[in-house]
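Trainee: The structure's right below; bear with me while I get my questions together.
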Amino acid sequence: MTVLSEVITLHNVTFGYDEITLLRDVNFQVQHGEFWGIVGPNGSAKSTLLKLMLGLLKPQSGTCSLFGTPVGEFRKWDQIGYIPQNVREFNMGFPATVKEMVSANLISQMGAFKWMNAHHRKKVEEALHIVGMEAYAARRIGQLSGGQQQRVFIARTLVNSPKVIFMDEPLVGVDVESQEKFYELMEKLNRQMGITLIMVSHDIGVVSERTSHIACVGKEKLFVHDANTFNPEEYLESIYGEKTRLVHHAH
Amino acid sequence: MPEILQYGFMQRAFLAGVVVALICPAIGIFLTLRRLSMIGDTLSHVALAGVAGGILLNFYPIYMALILTLLASFGIELLRKEFHQYAEISLAVVLSFGIGLATILISLGGAGAQVFSYLFGSVTLVTSRDMLSILILGAIIMATVLFYYRQLFYMAFDETAARLAGVPVKRINMIFTILVAVTISISMRIVGILMVSSLMVIPVATSLQLKKSFLVTFIASLCFGLISVLAGLTISFYASLAPGGTIVMTSVGILIIVAAIQRLMSN
């Protein structure tokens, strides 16, 4: 692989709050086109790891790079999509339509006065089409269901044609049917559009079935697995002890 | 020409009133959506100290208020970092400081009557100098809000996402804080210090009732502000009442009517 295909590189990254070290000497690399699940028990540094990659948190030592550039100097933010954990904890009465919400992300592509031109409008339409929400463009965001809002936020990142999308627990509070649709959409973004995906999740079983790679966060360390050889039951035993078994839901 | 517009002071009051009616909701919508409407209240208490100080030192009260509210808004930012777990504390501290200083300054000199006109707003006392300051600064505020409209919208919804989308959040927060301070300092002449923050919040609360897009909500809040100020000034003239009171009561009246209509239509 060439250097160009490195999307994310963490080199000897250590991070903690006060005297508690959450991550110690973490080394981690994501290549173009991969679909990573970051898993780990509650309170492990899953979201922290994501925020470090995005430069929202600064490591105590070590470096995080995006596309080979240290994250502090990285400027091509339109290549990065980010769907934070609390994205749907917004004020449901917020006066914004789906279209306004999705258009907002085009801001770095607009001129000084931030006018929308035909090209921008087309981008918004295309993004809504990919996630299947074009019929809802004029709806207020608060009127949509959790799964629909989720797709709008994905469309919001898609308007910039990102090369990588980061998602923090995207399926919390989303019903099972929407989860299935969500993974279908992820497959489309990953396989057809070649977008690298990084997803934090606590749902180890499902993640191991859908992703290409898995990073397990726990006890200051990071363990990396190929999704094909990853055994979620063994993993759970290793962190919770022998008595835990993964419960497979039959929906 | 109707009688009300034959007086020079009423022409000045209406002109200045229109500007205030537009800038207060234009700033207020972003304050309200970010749940920062208390900042308006806090800075207006500081503006009172500025007015009292200005009268005492024989320095133009609006500019004195402007200087103090600007200093106070930076003070709030500093204190916010100090008490980052209790953001409201920084507002409470600055508000207390403002009202305490104002009380001392007012009791120092015999400026009572003049301070009164700033507390409740005034129609007859709007000078040409006031009007000019309001027109120029108001135009700058409106132009800045429109220029940063998209950025402010995005930041109001989700500051982290806005930052990642390339919005210079820190710089715009700073600019916005300055806009709030200037808006309060120039609006108090018409609506009064005690009611500036009402004019920032109530027209916005009314337009939120419409449950429309952000653009419609924004424009509607300016319209509701405009109706409140024009009607309030007219009532103030004919009934010889302080304009602050009539403007705010009109805006509350509109809010109740719009909310009632919305309720009826949804049933």
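The values are calculated or read from the model by the stated rules, or taken from the named source; none is laboratory data. For clarity, every value in this text was computed on a predicted model and none was experimentally measured. Using ideal geometry, Cβ is built from the backbone for each residue, glycine included, and neighbour counts are taken over all protein chains shown.
Trainee: How many residues are at pLDDT 85 or above, crowded, with 16+ Cβ neighbours inside 10 Å and either at the interface with chain B (Cβ under 7 Å from one of its Cβ atoms) or over 14 Å from the mean Cα position of the chain (by Cα) (or both) when one looks only at segment A:71-81?
Mentor: The qualifying residues number 3.
Per-residue answers, yes or no, for (1) over 14 Å from A:G218 (Cβ atoms); (2) touching a Cys at 6+ places or on another chain (Cβ under 8 Å); (3) β-branched (V, I, T):
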{"residue": "A:E6", "(1), (2), (3)": "yes, no, no"}
{"residue": "A:T9", "(1), (2), (3)": "yes, yes, yes"}
{"residue": "A:E19", "(1), (2), (3)": "yes, no, no"}
{"residue": "A:L22", "(1), (2), (3)": "no, no, no"}
{"residue": "A:N27", "(1), (2), (3)": "yes, no, no"}
{"residue": "A:Q31", "(1), (2), (3)": "yes, no, no"}
{"residue": "A:N42", "(1), (2), (3)": "no, no, no"}
{"residue": "A:L49", "(1), (2), (3)": "no, no, no"}
{"residue": "A:L52", "(1), (2), (3)": "yes, yes, no"}
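Trainee: Please find, among A:E187, A:E209, the residue that is under 16 Å from the mean Cα position of the chain (by Cα), in a helix (DSSP H, G or I) and of a type in the set (D, E, K, R).
Mentor: So the residue among A:E187, A:E209 that is under 16 Å from the mean Cα position of the chain (by Cα), in a helix (DSSP H, G or I) and of a type in the set (D, E, K, R) is A:E187.
Trainee: While we're here: Residue check, A:L171 against (1) without any contact (Cβ under 8 Å) to a residue 40 or more places away in the chain; (2) within 14 Å of another protein chain (Cβ to nearest Cβ); (3) not in a helix (DSSP H, G or I), all met but one. Which one?
Mentor: Evaluating A:L171 over (1) without any contact (Cβ under 8 Å) to a residue 40 or more places away in the chain; (2) within 14 Å of another protein chain (Cβ to nearest Cβ); (3) not in a helix (DSSP H, G or I) leaves (2) as the failure.
Trainee: Here is a list of conditions, (1) touching a residue at least 60 places away in the same chain (Cβ under 8 Å); (2) away from chain A (no Cβ under 14 Å), and B:A156 meets all of them except one; can you say which number that is?
Mentor: Tallying (1) touching a residue at least 60 places away in the same chain (Cβ under 8 Å); (2) away from chain A (no Cβ under 14 Å), B:A156 fails exactly one: (2).
Trainee: Looking at B:F116, B:F120, B:F83 in this structure, which one is farther than 19 Å from B:I27 by Cβ, within 19 Å of the chain's Cα centre (by Cα) and without any contact (Cβ under 8 Å) to a residue 40 or more places away in the chain?
Mentor: On inspection, the qualifying residue turns out to be B:F116.
Trainee: In segment B:159-168, what residues are surrounded by fewer than 17 Cβ atoms within 10 Å (Cβ to Cβ) and part of a helix (DSSP H, G or I)?
Mentor: B:E159, B:T160
Trainee: What are the residues in segment A:107-116 that are more than 8 Å from chain B (Cβ to nearest Cβ), in contact with a helix residue (DSSP H, G or I) (Cβ under 8 Å, 6 or more places away or on another chain) and within 17 Å of A:W77 (Cα to Cα), if any?
Mentor: A:Q109
Trainee: Within segment A:114-144, track down each residue that is closer than 18 Å to B:A165 by Cα and of a type in the set (V, I, T).
Mentor: A:V124
Trainee: Please go through (1) away from chain B (no Cβ under 13 Å); (2) touching a residue at least 40 places away in the same chain (Cβ under 8 Å); (3) under 17 Å from B:A161 (Cα atoms) for A:M186 and return the number of the only condition it doesn't satisfy.
Mentor: Status for A:M186: all satisfied but (3).
Trainee: Would you pick out the residues in segment A:188-208 that are on the phi < 0 side of the Ramachandran plot and either exposed (fewer than 13 other Cβ atoms within 10 Å of the Cβ) or of a type in the set (A, V, I, L, M) (or both)?
Mentor: A:L189, A:R191, A:Q192, A:M193, A:I195, A:L197, A:I198, A:M199, A:V200, A:I204, A:V206, A:V207
Trainee: Could you figure out which of (1) buried (at least 21 other Cβ atoms within 10 Å of the Cβ); (2) in contact (Cβ under 8 Å) with a residue 24 or more places away in the chain; (3) within 11 Å of chain B (Cβ to nearest Cβ) isn't true of A:G142?
Mentor: With (1) buried (at least 21 other Cβ atoms within 10 Å of the Cβ); (2) in contact (Cβ under 8 Å) with a residue 24 or more places away in the chain; (3) within 11 Å of chain B (Cβ to nearest Cβ) applied to A:G142, the lone miss is (1).
Trainee: Of the numbered conditions (1) more than 8 Å from chain B (Cβ to nearest Cβ); (2) hydrophobic (A, V, I, L, M, F, W, C); (3) surrounded by 19 or more Cβ atoms within 10 Å (Cβ to Cβ); (4) more than 28 Å from A:F230 (Cβ to Cβ), A:M92 fails exactly one; give the number of that condition.
Mentor: Unmet for A:M92, out of (1) more than 8 Å from chain B (Cβ to nearest Cβ); (2) hydrophobic (A, V, I, L, M, F, W, C); (3) surrounded by 19 or more Cβ atoms within 10 Å (Cβ to Cβ); (4) more than 28 Å from A:F230 (Cβ to Cβ): (3).
Trainee: Would you point out which residue out of A:F15, A:F67 is away from chain B (no Cβ under 12 Å), modelled with pLDDT of 90 or more and touching a Leu at 6+ places or on another chain (Cβ under 6 Å)?
Mentor: Result of the check over A:F15, A:F67: A:F15.
Trainee: With the checklist (1) more than 17 Å from the chain's Cα centre (by Cα); (2) at pLDDT below 90; (3) within 22 Å of B:V229 (Cα to Cα) in hand, flag the one item B:S90 doesn't pass.
Mentor: (3)
Trainee: Here's another thing I want to ask about it. Can you give me the number of residues within segment A:192-241 that are in contact with a Gly (Cβ under 7 Å, 6 or more places away or on another chain) and at pLDDT below 75?
Mentor: 2
Trainee: Would you mind telling me which numbered condition in (1) surrounded by 15 or more Cβ atoms within 10 Å (Cβ to Cβ); (2) more than 10 Å from chain B (Cβ to nearest Cβ); (3) under 20 Å from the mean Cα position of the chain (by Cα) A:G62 fails?
Mentor: Failing condition for A:G62: (3).
Trainee: Same structure again: Tell me yes or no: at least one residue of segment B:108-120 is crowded, with 23+ Cβ neighbours inside 10 Å and at pLDDT 90 or above.
Mentor: There is at least one residue in segment B:108-120 that is crowded, with 23+ Cβ neighbours inside 10 Å and at pLDDT 90 or above.
Trainee: Identify the residue in segment B:29-64 that is under 12 Å from B:S197 (Cβ atoms) and among the small types (G, A, S) and, among all such residues, is farthest from the other protein chains (Cβ to nearest Cβ).
Mentor: B:A47
Trainee: Restricting to segment A:31-50, give me the number of residues that are closer than 19 Å to B:A161 by Cβ and surrounded by fewer than 22 Cβ atoms within 10 Å (Cβ to Cβ).
Mentor: Going through segment A:31-50 one residue at a time, the tally reaches 2.
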